[in-house]
Amino acid sequence: MTKIEKRGGTLGVETRAADEKRTLAGYAAVFDVSADIGGWWIERIAPGAFAEAIGGDVRALVDHDAGRVIGRTKSGTLRLSEDSRGLAVEVDVPDTTDGNDLWTLVERGDISGMSFGFAVKHDEWDETGETPIRTIHKVELYEVSAVAWPAYNDTELGKRSLQEWRDARSANAENTDPAAAPVSRAAHRARLKMDLDLRVRSTR
């Protein structure tokens, strides 16, 4: 069971209408911008984090609700690209209740942000300052959403990632024998996998 984190903010989303097609456009994420995640750490997304992910089968949703799909990369109604600013999103809004309501809410300014749901594939932590800094280098992207509120809630996964990084660093620092280091890292990964398996089973 994959644990999905959600991030986003009021980065702006706009309506574009041409040739009887309605398109929402904006940025679900921007690079090298510091975001305070619940007071636990500062998070930044590095350029290139979405380079591999945007080729996958990604959905566009309303407020991260999997039952309210408004676009999909596989069908061509959702288009994603990574530019110098961040993750650019274009969604062809459908003539459905959700699509029509969303179009009206964005035009009125009631919904003005975009967000994304993801799993981290590679990140780094820096604890040299007072607040830990997490830099995300690579993600697996599942969905992008038009949102009324920033989605900075799912902090437990990030907190666990920080603890894993601390544990791994501590284990490597204690292990001065180069020959023993691979064994220590392998054992650490095995313990993490066992812990994750137990957590996954407990949530079913």
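Quick note: the coordinates plus some simple rules give every number you see, no bench work behind them. Predicted model only: the values in this text are computed from it and were never measured. Don't worry about glycine lacking a Cβ; one is built from the backbone with ideal geometry, like all the others, and counts go over all protein chains shown.
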Q: Using the 2.2 N^0.38 Å rule of thumb for compact globular proteins, work out how segment 65-159 stacks up: its C-alpha Rg over that value, please.
A: 1.28
Q. Amide H to amide H, which residues 5 or more places from Ile111 or on other chains are under 5 Å from it, using H placed in the peptide plane?
A. Val106
Q) So if R0 is 35 Å, what FRET efficiency would Glu127 and Ser75 give, r being the distance between their Cβ atoms, rounded to the nearest 0.05? A) 0.20
Q: May I ask you to derive the relative contact order of segment 5-154, considering only C-alpha pairs under 8 Å and at least 6 residues apart, and to give it as an integer percent?
A: 35 percent
Q) What is the fewest-to-most order of Arg59, Arg22, Arg166 by other Cβ atoms lying within 10 Å of their Cβ? A) Arg166, Arg22, Arg59
Q) Once amide H atoms are placed 1.01 Å from N in the peptide plane, what residues at a sequence separation of 5 or more from Thr77, or on another chain, have their amide H within under 5 Å of its amide H? A) Arg72
Q: Amide H neighbours of Ala28 under 5 Å, at least 5 residues apart or on other chains, H built in the peptide plane: list them.
A: Leu87, Val89
Q: Apply the Karplus parameterisation 6.51 cos²θ - 1.76 cosθ + 1.60, with θ equal to phi minus 60°, to every residue of segment 116-127 and state each ³J(HN,Hα) to the nearest whole Hz, in sequence, with x for glycine and proline.
A: 8, x, 8, 10, 7, 9, 7, 9, 9, 10, 10, 10
Q: Could you please rank Leu102, Leu78, placing first whichever residue has the fewest other Cβ atoms within 10 Å of its Cβ?
A: Leu78, Leu102
**Q.** Stokes-Einstein D in µm²/s, Kirkwood radius over Cα pairs - segment 1-140 at 20 °C with 1.002 mPa s viscosity
**A.** 135 µm²/s
Q | Footprinting exposure proxy for Phe116, Phe50, Phe31 (fewest neighbouring C-beta atoms within 10 Å first) | A | Phe31, Phe50, Phe116
